[in-house]
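Q: Below you will find the structure I want to go over with you.
Values in this text are rule-based calculations from the coordinates and carry no lab data. Values in this document were obtained by computation on a predicted structure and should not be read as measured data. As a convention, Cβ positions derive from the backbone with ideal geometry for all residues, glycine included, and neighbour counts pool all protein chains shown.
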Amino acid sequence: MSHLSNAAEAMAAVARAITDDQLADKTPCTEYDVRALINHLLFWGPSLAGGGRKESVPPPPGTETEVDLTAGDWRGRLLALLDDITLSWAPPSAWEGETSMGTPHPLPAPVLGDMITGELALHGWDLAVATGQRLELPADLLTHLHDTVLAGVEQGREMGMYGPEVAVPADAPALDRILGLTGRDPAWT
């Protein structure tokens, strides 16, 4: 399995256990409750899958706060979307050249693929802790995430993707150090 598919499967395991009565619960992403974070994933996910196929898939019309994609079987749609993202990034050709996520600004495909891997892992953690679960990520994925997050953390902050660093002990578990780099408090409750 690839790092991206491992991150997607970890998020899928969390999504399967979220109950509808948890959709209004707060998440570590202060702008999102569980429903809004799922909506965010459903809103941007097709563009992320399109990036693996080198297809431009624009997001739905309107902003993600204007569109509610969580009505009905949100879980089934999210699980199908995670499968689509995984399948679209499975071929080695997905990681070659440039691609985009529905924007006119292409990125090197490995950079976008690693961004998506981080997005799935970090938001998987957000959903897990918001709903009383634990996100399980393999050690090699955590090593890869730490390296890629560390390499792009300043750019991520400039783009508004990450908050100010949260101090975490150097000997803390890898996931805690990654969370701290991205501005998340590993002890969030």
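Q: Provide the net charge surrounding residue 112, with neighbours chosen by a C-beta distance below 14 Å and charges set as Lys +1, Arg +1, Asp -1, Glu -1.
A: For residues surrounding residue 112, the net value is -3.
Q: Follow-up. Quick one, can you get me the convex hull of the C-alpha atoms of region 1-108 expressed as volume per residue in Å³?
A: So the per-residue Cα hull volume is 111 Å³.
Q: Would you calculate the volume per residue, in Å³, of the smallest convex hull containing every Cα atom of region 106-169?
A: For region 106-169, the hull spanned by Cα atoms encloses 113 Å³ per residue.
Q: Most fluctuating residue of 132, 72, 51 in a GNM of the chain with Cα springs under 10 Å: which is it?
A: Among 132, 72, 51, the largest mean-square fluctuation in the Gaussian network model of the chain belongs to 72.
Q: May I pose another question? Region 75-92 to region 140-189: how many Å between their Cα centroids?
A: Going from one Cα centre to the other spans 25 Å.
Q: Identify which of 68, 25, 171 has the largest mean-square fluctuation in a Gaussian network model of the chain, with springs joining Cα atoms closer than 10 Å.
A: Of the options given, 171 has the highest mean-square fluctuation.
Q: Still on this model: Taking every pair of Cα atoms in region 140-189, average 1/r, invert it to obtain the Kirkwood radius, and report Rg/Rh to two decimals.
A: A ratio of 0.95.
Q: Also: List the relative contact order of the chain as a percent without decimals, with contacts defined as Cα pairs under 8 Å and 6+ residues apart.
A: Once normalised by length, the contact order is 26 percent.
Q: So, one more: Using 7 Å Cα-to-Cβ label points, what is the residue 20/residue 155 separation (nm, one decimal)?
A: Computed distance between label sites residue 20 and residue 155 equals 4.2 nm.
Q: Further, regarding this structure: If I model a spin label at residue 96 and residue 55 as a point 7 Å from the Cα along the Cα→Cβ vector, what separation in nanometres do I get?
A: The two pseudo-label positions are separated by 2.0 nm.
Q: Stick to Cα atoms and the Kirkwood definition of Rh, then tell me Rg/Rh for the chain.
A: Across the chain, the Cα-based Rg/Rh ratio is 0.94.
Q: Still on this model: If amide H atoms are built 1.01 Å from N in the plane of the peptide, which residues on other chains or at least 5 residues away come under 5 Å of the amide H of residue 98?
A: 109
Q: Here is a follow-up. Rounded to whole Hz and in sequence order, give me ³J(HN,Hα) for region 75-80 from the Karplus expression 6.51 cos²θ - 1.76 cosθ + 1.60, θ = phi - 60°, writing x for Gly and Pro.
A: Working through the residues one at a time gives 5, x, 5, 5, 5, 5 Hz.
Q: Counting each DSSP H run of 4 or more residues in the chain as -39500 (n - 2.57), what helix-only mean residue ellipticity at 222 nm follows after dividing by all residues, to the nearest 500 deg cm²/dmol?
A: The helix contribution divided over the chain gives -17500 deg cm²/dmol.
Q: Largest first and to the nearest Å, give the Cα extent of region 48-138 along each principal axis.
A: 39, 36, 19
Q: For the chain, give the magnitude of the charge dipole about the Cα centre (Cβ charges: +1 Lys/Arg, -1 Asp/Glu; no others), in debye to the nearest 20.
A: So the magnitude is around 180 debye.
Q: Something else: Quick one: compute the contact order of region 1-91, relative version, from alpha carbon pairs under 8 angstrom and 6+ residues apart, as a percent.
A: Here the relative contact order equals 36 percent.
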